[in-house]
Amino acid sequence: MHRATVAAYDLPMHVPHGVDPEELITLFGRDKKAISGVTFVLDGPDGVEPVSGVDHDVLLDALGAVMA
């Protein structure tokens, strides 16, 4: 579902070449929605749901999967 949403907005499906994953995670943590560290706001079965507390290594693995 998330890929379909990204595609519907014609957004890139991969992180551009040369982006430092550690720097990206740091920037994620500065987002205005960040509660404690990185916070994602995702569509859930009950509407918008904030998701925080994701392990740093999980974030690195996920970014590695979408690096161009």
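The values are calculated or read from the model by the stated rules, or taken from the named source; none is laboratory data. These figures come from a predicted structure and were not determined experimentally. Don't worry about glycine lacking a Cβ; one is built from the backbone with ideal geometry, like all the others, and counts go over all protein chains shown.
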Starting from segment 41-68, keep only residues that are surrounded by 11 or more Cβ atoms within 10 Å (Cβ to Cβ), then list their pairs with residues that are among the acidic types (Asp, Glu) whose Cβ atoms are within a distance under 6 Å, requiring at least 6 positions of separation or different chains. 42/49
Can you confirm whether residue 31 is of a type in the set (Asp, Glu) and either assigned to a loop (DSSP other than H, G, I, E, B) or loosely packed, with under 10 Cβ neighbours inside 10 Å (or both)? yes
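Look through 38, 6, 54, 19 and report the one residue that is aliphatic (A, V, I, L, M) and at pLDDT below 85.
6
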Checked against (1) among the small types (Gly, Ala, Ser); (2) surrounded by 10 or more Cβ atoms within 10 Å (Cβ to Cβ); (3) part of a loop (DSSP other than H, G, I, E, B), residue 7 satisfies every condition except (3)
